[in-house]
Structures are given as structure tokens and as C-alpha cells.
1. Tell me yes or no: at least one residue of the stretch 8-23 is modelled with pLDDT under 90, charged (D, E, K, R), out of contact with any strand residue (DSSP E or B) (no Cβ under 6 Å at 6 or more places or on another chain) and outside any helix (DSSP H, G or I).
2. On the given criteria, is Gly95 of a type outside the set (S, T, N, Q), out of contact with any helix residue (DSSP H, G or I) (no Cβ under 9 Å at 6 or more places or on another chain), open to solvent by less than 80 Å² (accessible area, probe 1.4 Å) and without any contact (Cβ under 8 Å) to a residue 60 or more places away in the chain?
3. Answer with yes or no whether Val5 is β-branched (Val, Ile, Thr) and not in a helix (DSSP H, G or I).
4. In the set Val67, Val60, which member is surrounded by 12 or more Cβ atoms within 10 Å (Cβ to Cβ), in contact with a Gly (Cβ under 9 Å, 6 or more places away or on another chain) and either in a helix (DSSP H, G or I) or basic (Lys, Arg) (or both)?
5. Within the stretch 148-156, is there a residue that is part of a helix (DSSP H, G or I), at pLDDT 95 or above and either of a type outside the set (A, V, I, L, M, F, W, C) or open to solvent by 30 Å² or more (accessible area, probe 1.4 Å) (or both)?
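The values are calculated or read from the model by the stated rules, or taken from the named source; none is laboratory data. This structure is a prediction, so every number in the text was calculated from the model and none was measured. Glycine gets a Cβ as well: all are built from the backbone with ideal geometry, and neighbour counts include every protein chain shown. In case anyone asks, the SASA skips ligands and DNA or RNA and just uses the protein heavy atoms, side chains included. Shrake-Rupley method; radii C 1.70, N 1.55, O 1.52, S 1.80 Å.
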Amino acid sequence: MSEQVVHGQVEAMADAEQILRVERAREVLVAQLVGLGATMCAAMDAHEGFVPCEHAFGVVIEGAAAVCACEDEARLEELTAAVRARSEHVAEHRGVAMGASAHVDMTDVDAVSLLLCVLGGAPRMARAMRAGVMSQEANAALVRALACLGERGRDLAPCVRELSGAIAGLAL
């Protein structure tokens, strides 16, 4: 005989206003990461053979990993400022336009799939970074995926496949 499950109203376990502020901070961080991805891609495309330094990729990876794991609004804002500063730095030093920050269209199934791939892969990439086994292929795929999220109407499926394959190939 099975037990009967009684459903009741779920009570809030935290301050709803704080949760919403943190969620907004996450959205802004993602939008800035999209802009940094576009900036880094513009620099790579404009200068044949150029690959940004590991520090620049580290800013991207740390920011993307924090989107899922960080509950501290101030830390998310700090990372957002660091992402924007890195975008300004790359644009200035490589003579390219700074990529525009762009909010991901959460009603677009393909955009959500790509965003989930970025955010799901970021912790694995962060572990690879800490272990000293960063992959230029994965790093480039990550920033290209972020840049793609800012391009409305683009077919995102190839970006999902490229990033997923690069993350799967990390030597961890």
C-alpha cells in the first residue's frame, strides 16, 4: 500500500526581494559576458593568430561559473565590473569595437540551450583552469558561444555542438 502524498503551499525560505536582486545581478553579468565574448571574438578575428591571454579567459570562466554558484549580490556585481573592464581593455589594446552587452532571450529555446551549455561547462573549465590544463580550443569555443548569444536570429546549434565537444575534450 502506498502512502498518500499531501500537497500544500510552499513557503518562501528566503527574502524574495533579495533573491530577485541576485537574479537581476546574474542577468547583468551574463549580458556583460556576452559583450566580452563579442569583444574577444572581434579581436581574434581582426588579428590572425591572436588568442587572448589566459587571464582574459579566466575572467570569462570565473564569471560564467559564478552565474550558477554565487548567491552574493555584491560578488556578482564585482565580477560584472571585472568583465566589463576586461572587455574595455581588449577593445582598447586590440583596436576593435567593444562588444555590446546583450540580455539572452529566455523565450528562445536555442538561446537557452546554448546558455545552459555555457553555464554547465563553466565549472568544468574552472577546474581545468585551476589544474593548469586550460584548453585554447575550449576557451575560444566558450567566448564564441557567448558572442553567438548576442546575435539574434543566428543558428545556435553549431555553437552548442562546438562548445560541448570542446568541454568534453578537457583533460581532467
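1. Looking for residues that are modelled with pLDDT under 90, charged (D, E, K, R), out of contact with any strand residue (DSSP E or B) (no Cβ under 6 Å at 6 or more places or on another chain) and outside any helix (DSSP H, G or I), one finds at least one in the stretch 8-23, hence yes.
2. No, not satisfied.
3. yes
4. Details: Val67 fails: in contact with a Gly (Cβ under 9 Å, 6 or more places away or on another chain).
Just a single option satisfies the conditions, and that option is Val60.
5. no
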